[in-house]
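Please read the structure below before turning to the comments.
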Amino acid sequence: MANFVLGKDGKAYYNATPLTATGAVTGSELDNIKDVNSDLSTGEADITTRANNGWEATAATLKKGTVNFKMVWKPGDAGFEAIQAAWEASGEIALMFLDGPVGTAGSQGISGNFTVTNFSRDEQLTEAMTVDVSVKPSSFTTWHKVSGS
């Protein structure tokens, strides 16, 4: 078995109905997406005191994130329609981005309700029309890891 994961093996799932508690998103695979980038980070607080021997000291504070992905512009596709509807309504959509299938023990990634903050159409002359999507966690966010059966 390889000790790496290929990007093509990542999976995304959605449910147009937002979560009402922290947990895994149950719904459909969002298979009309191309490249995905999860920009996850943690804020920091300066906790330096004179007792730190001249070193700055830092404590982690709030986690934040943005997930960016590209979709083929495909009206009629259920996943596309759900993302577009969430953007149009300035509402939430339940999403989960895993490094493998939801049915595979050990698959992991961010899960929760997200707000669509970017929905920009790209119309390159020689390519399929696409939309660049950015989503940010809005509620019930967690790092989900699929447990063994």
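The values are calculated or read from the model by the stated rules, or taken from the named source; none is laboratory data. Treat the numbers as computed from the prediction; the structure is a model and nothing was measured. Every residue, glycine among them, receives a Cβ derived from its backbone with ideal geometry; neighbour counts consider all protein chains shown. Just so you know, the surface numbers come from the protein's heavy atoms only, side chains and all, with ligands and any DNA or RNA stripped out. Shrake-Rupley method; radii C 1.70, N 1.55, O 1.52, S 1.80 Å.
Quick notes on this one:
- Given their separation in residues at 0.36 nm each and the Cα-Cα distance between them, Lys64 and Thr115 gain 17.1 nm when the chain is fully extended.
- Largest-first ellipsoid semi-axes for segment 14-100, taking √(5λ) over the Cα gyration tensor eigenvalues, angstrom: 38, 14, 12
- Adding -39500 (n - 2.57) for every DSSP H run of four residues or longer, then dividing by how many residues the chain holds, sets the calculated 222 nm ellipticity at -2500 deg cm²/dmol.
- Entry for segment 64-136 at q = 0.19 Å⁻¹: log10 I(q)/I(0) = -0.84, Debye formula applied to identical alpha-carbon scatterers, no solvent contribution.
- Segment 54-123: GluC sites (Glu not before Pro) in DSSP coil with no more than 11 other Cβ atoms inside 10 Å: Glu56, Glu123
- Ellipsoid semi-axes in whole angstrom, largest first, where each is sqrt(5λ) of the Cα gyration tensor of the chain: 31, 20, 17
- With Cα atoms, 0 to 90° folded angle of helix 78-89 axis to the chain main axis: 60 degrees
- Of all accessible heavy-atom area on segment 1-125, the percent that carbon and sulfur account for (1.4 Å): 50 percent
- FRET efficiency for the Asn3 to Asp77 pair, using the beta carbon distance and R₀ = 25 Å, is estimated at 0.15.
- Globularity index of segment 97-149, i.e. its alpha-carbon radius of gyration over 2.2 N^0.38 Å: 1.55
- Accessible area per residue for segment 35-149 is 60 Å², calculated with a 1.4 Å probe on protein heavy atoms, without ligands, DNA or RNA.
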